[in-house]
1. So which residues in the stretch 20-68 are over 13 Å from the mean Cα position of the chain (by Cα), in a helix (DSSP H, G or I) and of a type in the set (V, I, T), if there are any at all?
2. Restricting to the stretch 33-57, give me the number of residues that are open to solvent by 80 Å² or more (accessible area, probe 1.4 Å) and either without any contact (Cβ under 8 Å) to a residue 12 or more places away in the chain or within 20 Å of P20 (Cβ to Cβ) (or both).
Amino acid sequence: MAHPETPITQNTANKLRTVPLWGLRTKSRLMHDLASLTLEDAIRRHRGEARHVTTRFRALTAAQQQQLIVFLRSL
């Protein structure tokens, strides 16, 4: 948590803003560096503060992972 006298911009200056998922189905390249070609790869590449995303995705059954991917492709 930021010190009360520390501007919020200092805490977020080196962080990437997550792009909204609207229109995800029309994207051919994913992630901030556009290096992921599949949703599965983009999920698995999450690091740092978003590492829990990868962990939770891997904990899903194959059917649940597929359901999530189908949902994401509908956006």
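The values are calculated or read from the model by the stated rules, or taken from the named source; none is laboratory data. Quick caveat, the model's predicted, so the values are computed rather than measured. Every residue, glycine as well, gets a Cβ built from its backbone with ideal geometry; the counts of neighbours run over all protein chains shown. Ligands, DNA and RNA are stripped out before the accessible areas are found, and what is left, the full protein with its side chains, is counted by its heavy atoms. Shrake-Rupley method; radii C 1.70, N 1.55, O 1.52, S 1.80 Å.
1. If the condition is that a residue be over 13 Å from the mean Cα position of the chain (by Cα), in a helix (DSSP H, G or I) and of a type in the set (V, I, T), then T26 is the only one that fits.
2. Looking only at the stretch 33-57, we keep the residues that are open to solvent by 80 Å² or more (accessible area, probe 1.4 Å), and these are 33-34, 37, 44, 47, 49, 51-52, 55-56.
Okay, now just the ones that are also either without any contact (Cβ under 8 Å) to a residue 12 or more places away in the chain or within 20 Å of P20 (Cβ to Cβ) (or both), so 33-34, 37, 47, 49, 51-52, 55-56.
The number of residues fulfilling the criteria is 9.
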